[in-house]
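Accompanying notes for the structure given below.
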Amino acid sequence: VVSLVGALSGDGAHVEAAERPVVTDAAVSGPGEIVIGLNGDADTYVLAGEEYLEAGAHAAEPTDGILNDRIEVSGEVDTSKAGDYEVTYRVSDSSGHTAEAVRTVHVVDEMQTMQGGVPILMYHYVYSADNPPENLDGNYLLDTKLEEQLAYLVENDFYFPSYPELKAFLEGTHSLPARSVVLTFDDAEAGFLNVGIPILEKYEVPATSFVICSDADAAQKVVDHRSPYVSFQSHSYGLHQAGGTIGHGGLISALTKDQIAEDLTHAQEILGTTEAFAYPFGDVTADGQQAVREAGILCAFTTQNSWAHVGDDVTALPRVRISGEYELAGFVALVNG
């Protein structure tokens, strides 16, 4: 039996709830402008006898900013007994508004499971036909194509695992439901923020946006585009630039392990998240992988184009590239293997 009481730290672990300002204004009620969302699937499936892996939640509000470290979690999950359990996430802002989200954990005696690997999708930019980019290439996906892809996933009951689930599956210690898939979008580009996020919300599909945190408005992007279905994770603070000697020439190969770790920690402080990291340009070094481990990041991603497989190093995972040139049939083949 896992009993969940307390606040969530940046990595989803439980810590003692910090003291919060007491607001006595009885007129204050409701969520105000807080947006809270779950990490991973709102309907989480666990095989009886396996561990329930707490994935946490994310939240933000215009005045207080990112609220992830204020989220309190409660509930009980008994994975020795099949049944449905609820885990509740609750967060308050400094004005006394309170918002909550609820995860239903289905403990099941049997289910069809993923075998051998899982597709982690790598998207970049989204655009609409009435506002095409000047330099259109495969990194740009038309909004109608994103919509038909998400519709396919939803209509075919795909499962959207959290990073704790993904990590444990790839390490061979956890089962994922059949038809599992992870969606990631690199760079937090304006088209994704303004066009892509509303489509994710329409289909209620959770995804990750990897943010370049050296952008002056990085934290503000998270607040302005806060969504129940988007977790904003690190694309580094200052590594998304040239200066290295391997791969695509990203800066990471010119830095020491400690310098990389400092960069990753700085990005985490800005975003309030530690679950995932995307290597800029996909460039990976041994020092970079060790920095990822020391930063407590659960899963880190390259641009190598393939499914992730059980036994892969979770500090350098491949992803399936989604090109704007693909038709739906090609997408279907990629996510089904």
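The values are calculated or read from the model by the stated rules, or taken from the named source; none is laboratory data. Quick caveat, the model's predicted, so the values are computed rather than measured. With ideal geometry, Cβ positions are generated from the backbone for all residues, glycine too; neighbour counts draw on all protein chains shown. Protein only, heavy atoms only, side chains kept; ligands, DNA and RNA dropped before computing areas. Shrake-Rupley method; radii C 1.70, N 1.55, O 1.52, S 1.80 Å.
Scanning region 291-304 for residues that are open to solvent by 10 Å² or more (accessible area, probe 1.4 Å) and in contact (Cβ under 8 Å) with a residue 40 or more places away in the chain yields G296, I297, L298, T303. Filtering region 86-104 to residues that are open to solvent by 40 Å² or more (accessible area, probe 1.4 Å) and in a strand (DSSP E or B) leaves E86, R90, S92, T98, E100, V102. For region 143-154, state whether one or more residues are within 21 Å of H240 (Cβ to Cβ), modelled with pLDDT of 95 or more, crowded, with 22+ Cβ neighbours inside 10 Å and among the aliphatic types (A, V, I, L, M). For region 143-154, residues within 21 Å of H240 (Cβ to Cβ), modelled with pLDDT of 95 or more, crowded, with 22+ Cβ neighbours inside 10 Å and among the aliphatic types (A, V, I, L, M): absent.
None of Y237, Y203 is of a type in the set (S, T, Y) and either surrounded by fewer than 19 Cβ atoms within 10 Å (Cβ to Cβ) or under 26 Å from V154 (Cβ atoms) (or both) except Y203.
Output the residues belonging to region 216-244 that are in contact with a Ser or Thr (Cβ under 6 Å, 6 or more places away or on another chain), among the small types (G, A, S) and farther than 30 Å from V102 by Cβ. Matches in region 216-244: G238, G244. Show the residue pairs that are 6+ apart or on different chains and have beta-carbon atoms under 9 Å apart, the first residue being within region 270-289 and under 10 Å from H235 (Cα atoms) and hydroxyl-bearing (S, T, Y), the second being open to solvent by less than 10 Å² (accessible area, probe 1.4 Å) and part of a loop (DSSP other than H, G, I, E, B). Cβ pairs passing all conditions: Y279/H235; Y279/S236; Y279/L239.
For region 61-99, the set of residues classified as closer than 27 Å to S175 by Cα and of a type in the set (K, R) consists of K81 only. Restrict the check to region 249-260 and report whether at least one residue is surrounded by 20 or more Cβ atoms within 10 Å (Cβ to Cβ), under 19 Å from R319 (Cα atoms), over 13 Å from the mean Cα position of the chain (by Cα) and not small (G, A, S). Checked region 249-260: no residue is surrounded by 20 or more Cβ atoms within 10 Å (Cβ to Cβ), under 19 Å from R319 (Cα atoms), over 13 Å from the mean Cα position of the chain (by Cα) and not small (G, A, S). The set of residues from region 67-78 being open to solvent by 20 Å² or more (accessible area, probe 1.4 Å) and part of a loop (DSSP other than H, G, I, E, B) comprises just one member, D78.
Residues being among the hydrophobic types (A, V, I, L, M, F, W, C), surrounded by fewer than 19 Cβ atoms within 10 Å (Cβ to Cβ) and outside any loop (DSSP other than H, G, I, E, B) are entirely absent from region 213-229.
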